[in-house]
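*Asks:* Got a structure here, written out as structure tokens. Questions coming.
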Amino acid sequence: MTTATLPLKPITADFKEAVSFALGQNDTARRFIDDVVGSGLRNVFLVGCGGSLTAAYPAHYLLETRAPLPVFHMNSDEFNLRRPALLGEGSLVLVSSHTGTTKETVAAAHYAREAGARVAALTRSADSPLARAAEIAFTYRSEDTVVAPKQVLFGQLAHAVLEAVGAEGDHAAVRQAYEALPDALYAAQEQTEELNHAIATALADEEVTYVLSAGPNYGAGYGFSMCYLMEMQWKHAGSFNAGEFFHGAFEVVTEDQPVLLLLGEDATRPMAERARTFLDTYTEKAHYLDTRALTLPGVPEHLRGEISPIALDVLVTRLARHYEAVRGHDLDQRRYMFKVAY
């Protein structure tokens, strides 16, 4: 039974500033992408590890569903060792690492450039090893606000690709929706404080929690399971695609099995709603984070599906802070990461 607690840390003080700083790099992103496309873009690779890899899920979904070219999404070391046959001249590689020091990701940037690809880094600092290894770096400067600005940078680059290759879409409206994100995402965190506290309190002592999500929201679910519950809270967890869940994993669900389901507003929402119907029937410990409950001021109704993956990633980051407070387990506490050779 959890008895230790910590004070709940406030929403990061520089949240709006960090998101706004990322938004301010849109023109640079568009100029870079225009040059890449003008030189003959053939394919896109999204590369990273851990939270930086999960942050690329919405951009991967966006490009895969709308761009008339192949898009790949993979772990940095997998990229280095797999040596994709399609990598080379005409490839755009977006490599991401918060610290800019993740050795596998820095190596991926060098490998991609040696193969003739155009390489852009998404990282905290412009003077990091990753930033120096890339052709260009897009940064957010903050140590504390990471998920939201990184999602904005990925999104701006993905939309710049779509616009440059002539994909259909109201690019001006999307830009307007992005400009609303500093306030909209801050408000989403405030709006879900009570819900996140209730979820963290209910699940604090559970032995294992399963997390379900789908489509562009899968990164938020996978990231919450692996990076926050397992890495930062030392809690057993598993992440599953909400559709794949019905092809095996749902057999472990009993009336006392906790499951957290993330619901966005994109085209894959029916998969999440199917899972919710099942969970409502067969477990008494289902919990939901649904972006339909958010106001998202300034985001047009028809573009909420564009923004909901970013919102969910921000919300699970805030949920992790509630776990930290309820369980008394600091998110920075580690057994192995940054402490031993691995």
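*Asks:* What percentage of the solvent-accessible surface of segment 73-131, computed with a 1.4 Å probe over protein heavy atoms, is contributed by carbon and sulfur atoms? Before the final figure, lay out each step's value.
*Replies:* On the way: 1180 of 2440 Å².
Answer for segment 73-131 is 48 percent, counting heavy atoms of protein chains only.
*Asks:* With charges only on Cβ, +1 for K and R and -1 for D and E, what is the dipole size of segment 1-94 about its Cα centre, in debye, rounded to 20? Mind dumping the intermediate values first?
*Replies:* On the way: 8 positive and 9 negative charges, 29 e Å.
I would put it at about 140 debye.
*Asks:* Using a 10 Å cut-off on Cβ atoms, rank the peptides 100-108, 149-157 from the highest mean neighbour count down. Don't skip to the answer; put the middle values down first.
*Replies:* Working: 100-108: 21.3, 149-157: 27.1.
Top to bottom by mean Cβ count within 10 Å: 149-157, 100-108.
*Asks:* Among 49, 287, 210, whose Cα lies farthest out toward the positive end of the dipole of the chain, if unit charges sit on the beta carbon of Lys, Arg (+1) and Asp, Glu (-1)?
*Replies:* 49
*Asks:* Which part of segment 115-129 falls in the paramagnetic zone of residue 17, meaning amide N under 18 Å from the point 7 Å along Cα-to-beta-carbon?
*Replies:* 124-126
*Asks:* Moving on to the next point. With +1 on the Cβ of every Lys and Arg and -1 on the Cβ of every Asp and Glu, and nothing else charged, how large is the dipole of the chain about its Cα centre, in debye rounded to the nearest 20?
*Replies:* Values: 29 positive and 43 negative charges, 179 e Å.
Roughly 860 debye for the chain.
*Asks:* Still on this model: Return the ratio Rg/(2.2 N^0.38 Å) for segment 1-145, where Rg is computed over Cα atoms only. Walk me through the numbers before you get to the answer.
*Replies:* Working: Rg = 16.6 Å, N = 145, 2.2 N^0.38 = 14.6 Å.
Relative to the 2.2 N^0.38 Å estimate, segment 1-145 comes out at 1.14.
*Asks:* Take peptides 123-135, 193-205 and line them up by average Cβ neighbours within 10 Å, highest first, as a rough protection proxy. Intermediate results must be reported in sequence, preceding the final value.
*Replies:* Numbers: 123-135: 19.9, 193-205: 17.1.
Descending mean neighbour count gives 123-135, 193-205.
*Asks:* Starting from the amide H of residue 290, placed 1.01 Å from N in the peptide plane, find each other amide H under 5 Å away whose residue is 5 or more places distant or on another chain.
*Replies:* For residue 290, the qualifying residues are 263.
*Asks:* What do you get for GluC sites (Glu not before Pro) in segment 199-254 restricted to DSSP loop and a cutoff of at most 13 other Cβ within 10 Å of the site's Cβ? The partial results should precede the final answer.
*Replies:* Details: sites: 206, 207, 231, 244, 251; in loops: 206, 207.
Hits after loop and neighbour filter: 207.
*Asks:* Okay, next question. Tell me, what % of the accessible area of segment 186-274 is carbon and sulfur with a 1.4 angstrom probe? Intermediate results must be reported in sequence, preceding the final value.
*Replies:* Values: 1910 of 3560 Å².
Percent of accessible area from carbon and sulfur atoms in segment 186-274: 54.
*Asks:* Right, another one. So what does the Cα-only Debye profile of segment 213-342 read at q = 0.11, 0.15 Å⁻¹, as log10 I(q)/I(0), no solvent term?
*Replies:* -0.43, -0.76
*Asks:* Further question: For the chain, what ratio Rg/Rh do Cα atoms give with a Kirkwood hydrodynamic radius? Please list the in-between numbers first.
*Replies:* On the way: Rg = 19.5 Å, Rh = 20.4 Å.
Value, to two decimals: 0.96.
*Asks:* With the other protein chains left in place, how much accessible area per residue, in square angstrom, belongs to the chain at a 1.4 angstrom probe? Walk me through the numbers before you get to the answer.
*Replies:* On the way: 14680 Å² over 342 residues.
Ligands and nucleic acids excluded, the figure is 43 Å² per residue.
*Asks:* Now for a different question. What's the center-to-center distance, using Cα atoms, between segment 90-157 and segment 165-195 in Å?
*Replies:* Measuring centre to centre over Cα atoms gives 22 Å.
*Asks:* Only bridges with both residues in the chain count here: give the DSSP antiparallel percent, nearest 5.
*Replies:* Numbers: 0 of 35 bridges.
Restricted to the chain, the bridges split so that about 0 percent are antiparallel.
The values are calculated or read from the model by the stated rules, or taken from the named source; none is laboratory data. Every value quoted in this text rests on a predicted model; they were computed, and no experiment measured them. Ideal geometry is used to build each Cβ from the backbone, glycine not excepted, and the neighbour counts take in all protein chains shown. Quick note on the areas: whole protein, heavy atoms, side chains included, nothing else; ligands and nucleic acids left out. Shrake-Rupley method; radii C 1.70, N 1.55, O 1.52, S 1.80 Å.
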